[in-house]
Amino acid sequence: MEDTFYWNAYLTRLFIPLHILLILFIIIGVAGNGLVIYIYGFKMKTIKDGQYFIPYLAVADLLGSVICSLFGLSMTLMPVTYEFDVLCKCGWLLGSATTCMSVFLLVTIAIQRYLKVCRRKGYILTLKWKKVVMICSLFLSVVITGPSVVTYGSIPFHSINRNVTGMICGKITGTVSIVYDAVLCVSVILCCGLLIVPYCLIGRKTYRYMKKGNQSEVELKKFSKNKTFEQQTEEQSISTLDSELKIEYSKNYSSNEHLSDKILTDQGKQSLRNNIKIIKKPPKNLTKTNRRVISKITKIFMIIILIFLICSLPKISITILETVTADFWETASDIERLVLMFVHQGYILNNIANPFIYAFFDETFKTEIKNMFYQSVCANKRYIFKVYN
């Protein structure tokens, strides 16, 4: 038993960089997602259709960054002396529930973006159905993660390399765990498909519209050049006709000279106006549609989905290896455990990355942050001025 405590103390010191990282996850997750909730939920007066789920996604990410980081800290502070079975079960349940909630919201957003871009004349999610989807996402999260109370807990752990036995928070082997892992595997594949396929279709649709828009721009340039040439030719013919008429009728119709000039000038101006109107009125193109399809909201969510997949795939891979390999953790060295724990906790990056994406791509969100910063600076200056005066 004494060897176990010494080994636990050694691993705790070894995991110090991971402790610091998890604490940073908590701070950044609370600050960033709290800012998103405040701006999108309370500060913005008008929320666009595609931005409806952003505050709820931020709530799930905030809870996920806090719960998952704290749970990760408990596992790294007690790597081989984890004797709190209830804490282990609650950590897995709450951490998995917040993660599933984020996933289901991302799936809903992907489907909504698909309907908005690729099926604009079809069915659109109304406010009522959006609320229904929120409730269903919460319910499904609880249903899917509920069995983790049975499949996870504080279990004995024997290190083959050190020949030491301890307690860790891990998966309880048995038939229930195998069935639950199979259900989770199917759910993960289904969710990944529902995240990837809609955005692939959106990307294909976007590419086609961009290609048509480029062709329309080329046609518009050719059309403008031709009309400009015709305009110049017609102006020359008008000026030539004007000169000929002036020479021919200067002797016999001197009294009507000014009238003729006025008529010809008016005809020239009218022709020029008609040509300008024709040039200003471009052929029908898909510029407005392109703006609608290649919207910033769609780009933001595509990047969010990409980051989610990048952050989640390593954790999914480790989970699969744990299931396939019976002594996966038992045969790992201390350094390998550190690297695996870093990779395993990397999925929390998905919960803290979204505010940075909004700040980079959403001009409205960026403007609101600047206004809040300026207001706080001005308030501090006024306070300092009052104190010293």
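Rundown of residues vs (1) without any contact (Cβ under 8 Å) to a residue 40 or more places away in the chain; (2) over 29 Å from Ala353 (Cα atoms), yes/no style:
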{"residue": "Ala110", "(1), (2)": "no, no"}
{"residue": "Val150", "(1), (2)": "yes, yes"}
{"residue": "Asn163", "(1), (2)": "yes, yes"}
{"residue": "Ile168", "(1), (2)": "no, yes"}
Being surrounded by 20 or more Cβ atoms within 10 Å (Cβ to Cβ), more than 16 Å from the chain's Cα centre (by Cα) and farther than 22 Å from Ile335 by Cα, is that true of even one residue in the range 72-84? no
Of all residues in the range 113-162 being surrounded by 13 or more Cβ atoms within 10 Å (Cβ to Cβ) and among the polar types (S, T, N, Q), which is farthest from Tyr52 (Cα to Cα)? Ser159
Could you tell me which numbered condition Gly174 fails, if it satisfies all but one of (1) open to solvent by less than 40 Å² (accessible area, probe 1.4 Å); (2) within 19 Å of Ala60 (Cα to Cα)? (2)
If I filter the range 358-370 for residues that are assigned to a loop (DSSP other than H, G, I, E, B) and open to solvent by 20 Å² or more (accessible area, probe 1.4 Å), do I get at least one hit? no
For residues in the range 39-71 being among the hydroxyl-bearing types (Ser, Thr, Tyr) and in a loop (DSSP other than H, G, I, E, B), which is least open to solvent (accessible area, probe 1.4 Å)? Tyr52
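Within the bounds of the range 179-191, is there any residue that is within 30 Å of Asn8 (Cα to Cα), open to solvent by 80 Å² or more (accessible area, probe 1.4 Å), modelled with pLDDT of 85 or more and over 30 Å from the mean Cα position of the chain (by Cα)?
Within the range 179-191, not a single residue is within 30 Å of Asn8 (Cα to Cα), open to solvent by 80 Å² or more (accessible area, probe 1.4 Å), modelled with pLDDT of 85 or more and over 30 Å from the mean Cα position of the chain (by Cα).
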Complete set of residues in the range 85-112 that are under 16 Å from Ile144 (Cβ atoms), under 16 Å from the mean Cα position of the chain (by Cα) and open to solvent by 10 Å² or more (accessible area, probe 1.4 Å): Thr99, Met101, Val103, Phe104, Val107, Thr108
Name every residue in the range 294-324 that is open to solvent by 50 Å² or more (accessible area, probe 1.4 Å) and polar (S, T, N, Q), in order of residue number. Ser317, Thr323
Only one residue in Lys225, Lys212 is open to solvent by 70 Å² or more (accessible area, probe 1.4 Å), touching a Leu at 6+ places or on another chain (Cβ under 7 Å) and modelled with pLDDT of 55 or more, so which one is that? Lys212
For the range 3-18, does any single residue satisfy the condition of being in a loop (DSSP other than H, G, I, E, B), in contact with a helix residue (DSSP H, G or I) (Cβ under 7 Å, 6 or more places away or on another chain) and crowded, with 21+ Cβ neighbours inside 10 Å? yes
Would you call Tyr374 under 26 Å from Val36 (Cα atoms) and either open to solvent by less than 40 Å² (accessible area, probe 1.4 Å) or among the aromatic types (Phe, Trp, Tyr) (or both)? yes
Determine which member of the set Leu35, Leu21 is open to solvent by 10 Å² or more (accessible area, probe 1.4 Å) and within 11 Å of Ala58 (Cα to Cα). Leu35
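The values are calculated or read from the model by the stated rules, or taken from the named source; none is laboratory data. Remember, predicted model here, so these are calculated numbers, not experimental data. Neighbour counts run over all protein chains shown; Cβ positions are idealised from the backbone, glycine included. All accessible areas refer to the heavy atoms of the entire protein, side chains included, with ligands and DNA or RNA removed. Shrake-Rupley method; radii C 1.70, N 1.55, O 1.52, S 1.80 Å.
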